[in-house]
Each structure stands twice: as C-alpha cells, then as structure tokens.
Amino acid sequence: MTITILCIDDSKVSRTFIKKGFRDILQDTGVTIEEASNAREALHLCHLKAYDLVTLDLTMPDMSGYDVLSALKQEAIKQKVIVLTADIQPLAEKKVMELGAVGYLEKPFDKENMVTLLKKTGVL
Ligand SMILES: [Mg+2]
C-alpha cells in the first residue's frame, strides 16, 4: 500500500520539510507526495483525484487555507485535509474543523502527533 499525499504550501522550504517528515514516518508504508504551491493549482488537483491525505497551509498569497476548505466544501469534493500552520490558535482550529478539515497541527509537525492523527483519521 502506498499512501498518496498532496502537500499544499506556498513555501518551498515548508514543502521540503513536510515531505521529509512524511517520508520518515511512512517509510515502511511507502508514500507518494505531490505538491501545490498555490491554492488554485491545489483545487485543480483536488478535482482530478482523491488523495489519501491533503496537507494545507493557511497563509498563501492567492487564497487562504480557509478559502480552500470552503471551496472544497462548496464543490462537495471529499478530501481528508490536515491543516499545518506555524501559527497555532484555538480559534483557527475550531474554524478549520468546522470547514471540514480532519486535523490541525503545528508546522513543522511532531512526528508522533502526526502518526496518531493519521491513525485516528483512518489514513493509516
Ligand atoms: Mg504560507
């Protein structure tokens, strides 16, 4: 079984860290990671295929992560989205969960916390 992830983040450095994190924790499972550097591209990819997991940045220049979640919800596109943000706030967590995200973690993510979340959400 190979897990397919879409990593949405405008920062190339962040995407590199996120990819490395997933490769470390999923090395036994196998993982394919696609990337989107902006929301428009991300929404296009989310239309095309169902990923096992989508990670989403909140702060991006073209559309925020909140807008991406709203667009997915409005278009009834089902993806398991975990929001990864450097700026952890309880209100933001509440908001993204209401918009349909399955998780919310600080970036760079703690590997143990990510594994727990992947199990909880049925990705693993
Ligand atoms: Mg960003």
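Below are the figures for this structure:
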{"read-out": "Qualifying residues in the stretch 87-100 (those that are open to solvent by less than 70 Å² (accessible area, probe 1.4 Å) and assigned to a loop (DSSP other than H, G, I, E, B)) - the one nearest to the ligand (Cβ to nearest atom)", "value": "L99"}
{"read-out": "Tally of residues being under 24 Å from V123 (Cα atoms) and either within 12 Å of the ligand (Cβ to nearest atom) or open to solvent by less than 70 Å² (accessible area, probe 1.4 Å) (or both) across the stretch 46-68", "value": "12"}
{"read-out": "Cβ pairs under 8 Å, 6+ apart, first in the stretch 6-29 and in contact (Cβ under 8 Å) with a residue 40 or more places away in the chain, second assigned to a helix (DSSP H, G or I) and surrounded by fewer than 19 Cβ atoms within 10 Å (Cβ to Cβ)", "value": "L6/L45; C7/K19; G21/K111; D24/K111; I25/K111; I25/V115"}
{"read-out": "Set Y66, Y51: member being part of a helix (DSSP H, G or I) and aromatic (F, W, Y)", "value": "Y66"}
{"read-out": "Members of the stretch 69-86 found to be open to solvent by less than 20 Å² (accessible area, probe 1.4 Å), without any contact (Cβ under 8 Å) to a residue 40 or more places away in the chain and not hydroxyl-bearing (S, T, Y), listed by number", "value": "L69, A71, L72, V81, I82, V83"}
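The values are calculated or read from the model by the stated rules, or taken from the named source; none is laboratory data. Just so you know, these numbers come straight off a predicted model, no measurement behind them. Backbone-built Cβ (ideal geometry, glycine too); neighbour counts: all protein chains shown. SASA here: full protein model, heavy atoms, side chains in, ligands and nucleic acids out. Shrake-Rupley method; radii C 1.70, N 1.55, O 1.52, S 1.80 Å.
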